[in-house]
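Chemist: Below are the structure tokens for one structure; questions will follow.
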Amino acid sequence: MEQKTIRAALDFSWNEASLALADEQNNILFTEKIMLNGHDASALPERLELAAKHAGTPLAGITEWSVGTGPGGFTGLRVAAALISGLTYGHPEVKVRGVPSAAGLLRTAFAGNLPEKAAAIFDGRRSELLVYGMELKDGSYQPDGFTAVLQNPGELAGILAGRSAAALEKDRAAIAKFAPELVDGIRFAPSINAEELIFNDPRNFSTSPTDLIYLRAAVFVEARIPRKIC
């Protein structure tokens, strides 16, 4: 008997972990959003198991996983990637992939009317905004190679002139402070709906969940010489 296809998704690109399960006909079986601390996500494995149970399957019955790869909080992204990689280790029959969290954000914010050219905007702290560009191809968002760290409102105005933009509600205040005259031109979503990761380019499993998206260059600190203890 052929195994039933159960598709699951996890996004942990900020302090909210978003879970979803769907069948192969795109029927949503279960969704949940949980506020967690990225440094203490010990409850997440149990919540995944309960989510699968609510969807009528054991955790081992999930046949496909989509994991958000960012941009976002790097600790949460690494937790999600490690957790799902661990759950599926030694099970080559289970398909696992990474999907940009930005695609989930755009699909959530513009549900039912997806723009062709779009940008996901994030609070970069330091009075900066981070931008990740995507374009719609065959109904799914793909990275278009555009990324930016914005330091003045004029840069944001130029982006909004050529793209629709979305951001998380948690970043509204930071964006409004950065460019108060432009904030109304951005679509805000309270959360990322994890099911949108499942539905975005659903046959593409070419990206690993560990291929996380950086919008800043990594900063490396020279190792200190260990202090000698006599």
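Chemist: Restricting to segment 71-86, name every residue that is more than 14 Å from ALA17 (Cβ to Cβ) and at pLDDT 95 or above. So that I can check it myself, show each step before the final result.
Modeler: Step one: of segment 71-86, the residues more than 14 Å from ALA17 (Cβ to Cβ) are 71, 74, 85-86.
Across segment 71-86, the qualifying residues are PRO71, SER85, GLY86.
Chemist: Please pick out the residue among ALA51, ALA120 that is modelled with pLDDT of 95 or more, under 23 Å from ALA17 (Cα atoms) and either polar (S, T, N, Q) or within 16 Å of the chain's Cα centre (by Cα) (or both). Even if it seems obvious, please write down each step before you answer.
Modeler: On the way: ALA51 fails: either polar (S, T, N, Q) or within 16 Å of the chain's Cα centre (by Cα) (or both).
Going through ALA51, ALA120 in turn, the sole match is ALA120.
Chemist: Right, here's the next one. Identify all residues within segment 116-136 that are touching an Asp or Glu at 6+ places or on another chain (Cβ under 9 Å) and either assigned to a loop (DSSP other than H, G, I, E, B) or of a type in the set (Ser, Thr, Tyr) (or both); write none if there are none.
Modeler: GLU116, the sole residue that qualifies.
Chemist: Restricting to segment 1-23, name every residue that is closer than 17 Å to GLY61 by Cα and at pLDDT 95 or above. Give the steps one after another, and end with the answer.
Modeler: Going residue by residue through segment 1-23, those that are closer than 17 Å to GLY61 by Cα are 1-10, 19-23.
Scanning segment 1-23 gives ILE6, ARG7, ALA8, ALA9, LEU10, LEU19, ALA20, LEU21, ALA22, ASP23.
Residue-by-condition table, conditions (1) on the phi > 0 side of the Ramachandran plot; (2) surrounded by fewer than 17 Cβ atoms within 10 Å (Cβ to Cβ); (3) modelled with pLDDT under 95; (4) in a helix (DSSP H, G or I):
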{"residue": "PHE146", "(1), (2), (3), (4)": "no, yes, no, no"}
{"residue": "LEU156", "(1), (2), (3), (4)": "no, no, no, yes"}
{"residue": "ILE159", "(1), (2), (3), (4)": "no, no, no, yes"}
{"residue": "ALA167", "(1), (2), (3), (4)": "no, no, no, no"}
{"residue": "ASP171", "(1), (2), (3), (4)": "no, no, no, yes"}
{"residue": "ALA174", "(1), (2), (3), (4)": "no, no, no, yes"}
{"residue": "ASN193", "(1), (2), (3), (4)": "no, no, no, no"}
{"residue": "LEU197", "(1), (2), (3), (4)": "no, no, no, yes"}
{"residue": "PHE205", "(1), (2), (3), (4)": "no, yes, no, no"}
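Chemist: I'd like the full set of residues that are surrounded by fewer than 21 Cβ atoms within 10 Å (Cβ to Cβ) and either within 12 Å of the chain's Cα centre (by Cα) or more than 14 Å from ALA9 (Cα to Cα) (or both), limited to segment 85-106.
Modeler: Hits for segment 85-106 are GLY86, TYR89, GLY90, HIS91, PRO92, GLU93.
Chemist: Taking the options ALA82, ALA111, ALA41, name whichever one is surrounded by 15 or more Cβ atoms within 10 Å (Cβ to Cβ) and either of a type in the set (Ser, Thr, Tyr) or more than 13 Å from the chain's Cα centre (by Cα) (or both).
Modeler: Working: ALA82 fails: surrounded by 15 or more Cβ atoms within 10 Å (Cβ to Cβ); ALA111 fails: surrounded by 15 or more Cβ atoms within 10 Å (Cβ to Cβ).
Just a single option satisfies the conditions, and that option is ALA41.
Chemist: While we're on this one: Filter segment 176-191 down to residues that are of a type outside the set (Phe, Trp, Tyr) and in a helix (DSSP H, G or I) and give me whichever is surrounded by the most Cβ atoms within 10 Å (Cβ to Cβ). Before you say what the answer is, go through the steps one by one.
Modeler: To start, the set of residues in segment 176-191 that are of a type outside the set (Phe, Trp, Tyr) comprises 176-177, 179-187, 189-191.
This time we only want the ones that are in a helix (DSSP H, G or I), so: 176-177, 183-185.
Details: ALA176: 14, LYS177: 11, VAL183: 17, ASP184: 7, GLY185: 13.
Residue satisfying both the conditions and the ranking: VAL183.
Chemist: Might you check whether a residue that is at pLDDT below 95, aliphatic (A, V, I, L, M) and either touching a Phe, Trp or Tyr at 6+ places or on another chain (Cβ under 9 Å) or assigned to a helix (DSSP H, G or I) (or both) occurs anywhere in segment 214-223? Please lay out each step first, then the result.
Modeler: First pass over segment 214-223, keeping only residues at pLDDT below 95: 214-223.
Retained after the next criterion (residues that are aliphatic (A, V, I, L, M)): 215, 217-219, 221, 223.
With either touching a Phe, Trp or Tyr at 6+ places or on another chain (Cβ under 9 Å) or assigned to a helix (DSSP H, G or I) (or both) added as a condition, the list becomes 215.
Checked against the condition, which is being at pLDDT below 95, aliphatic (A, V, I, L, M) and either touching a Phe, Trp or Tyr at 6+ places or on another chain (Cβ under 9 Å) or assigned to a helix (DSSP H, G or I) (or both), segment 214-223 yields at least one hit.
The values are calculated or read from the model by the stated rules, or taken from the named source; none is laboratory data. Everything quoted here is computed from the prediction, not taken from an experiment. Positions of Cβ are backbone-derived with ideal geometry, glycine not excepted, and every protein chain shown enters the neighbour counts.
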